[in-house]
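Enquirer: If you scroll down you'll find the structure; I have some questions about it.
The values are calculated or read from the model by the stated rules, or taken from the named source; none is laboratory data. Computed from a predicted structure; not experimentally measured. All Cβ positions, glycine included, derive from the backbone under ideal geometry; neighbour counts span all protein chains shown.
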Amino acid sequence: MSEQLFSRVKRLVSGGVNSLVDAVENVSPETVMKEAIREVESATDEVRDELGRVLANKHLASRRLMDANTRHETLSEQIEMAVKEGRDDLAEAAISRQMDIESQMPILETAVSDASSQEVELEGYIEALQARRREMEEELSAYKESRAASDTLTADGDPAASGTAERKVNKAERAFDRVMRDATGMPGSAGGSRKDGAKLAELETLARSNRIKERLAAAKAAGTENTK
């Protein structure tokens, strides 16, 4: 994944949705929130495209590696037959070809392994962006509800409903404030303390690292098994 796309995903997931609009104060809060959601969706599509390219490269490298293993095994059988027939010239030609294949196989194995690691990483980015979008959609919905409650209160003028409506408005506005802080690059959180958020982020990173290592070990094991 390009450094530019990586930086964009990191910015969106971490909450710093800056530069969405030229001047936040000149547009409605709902417009800002919708624009933020659209940017997250756009970034998700870009990561999906990148994932598609990685999967295509992985498939190609895997296929070439499989063909190389098959060809290597066939040459081994041909070498054995040539030796039995006393055709050292044919055996030498087959051995030469085998050596060429053997020099390519580590590169192909690395390509498959790297693609697998990138696949896991990109899938993690997509999940994180989707989670971020859901959070922002919930906050947008809460903001709309707060506006509707406020409008109803203004129209009805019912004192009994004032306390409840005001609490709803304040709750939604606090949720919106978090998005606004994100839109201006200020730190914010969709829930829980920053300390808990940091711990969860560290735990997610650790879990992802373990998954990558497991995939890498599996890819190496498969590559080793195929060369036997």
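Enquirer: Given the options Arg133, Arg71, Arg87, Arg97, name the one that is basic (Lys, Arg), under 30 Å from Pro29 (Cβ atoms) and either out of contact with any Phe, Trp or Tyr (no Cβ under 7 Å at 6 or more places or on another chain) or surrounded by 13 or more Cβ atoms within 10 Å (Cβ to Cβ) (or both).
Expert: The match here is Arg133.
Enquirer: A follow-up question, please. Restricting the first residue to segment 73-97 and requiring it to be in contact (Cβ under 8 Å) with a residue 60 or more places away in the chain, which pairs with a second residue that is among the β-branched types (Val, Ile, Thr) meet a Cβ separation below 6 Å and a spacing of at least six or different chains?
Expert: Close Cβ pairs satisfying both conditions: none exist.
Enquirer: I'd like the residue in segment 98-150 that is modelled with pLDDT of 90 or more and among the polar types (S, T, N, Q) and, out of all such residues, is nearest to Asn210 (Cα to Cα).
Expert: For segment 98-150, the residue satisfying everything is Ser117.
Enquirer: I've got another one for you. Find the residue count for segment 43-59, including only residues that are loosely packed, with under 13 Cβ neighbours inside 10 Å and either touching a helix residue (DSSP H, G or I) at 6+ places or on another chain (Cβ under 8 Å) or not in a helix (DSSP H, G or I) (or both).
Expert: Total meeting the criteria: 0.
Enquirer: When you go through Arg87, Arg71 one by one, which is the residue that is over 16 Å from Ala115 (Cβ atoms), modelled with pLDDT of 90 or more and of a type in the set (D, E, K, R)?
Expert: Values: Arg87 fails: modelled with pLDDT of 90 or more.
Sole residue among the options that is over 16 Å from Ala115 (Cβ atoms), modelled with pLDDT of 90 or more and of a type in the set (D, E, K, R): Arg71.
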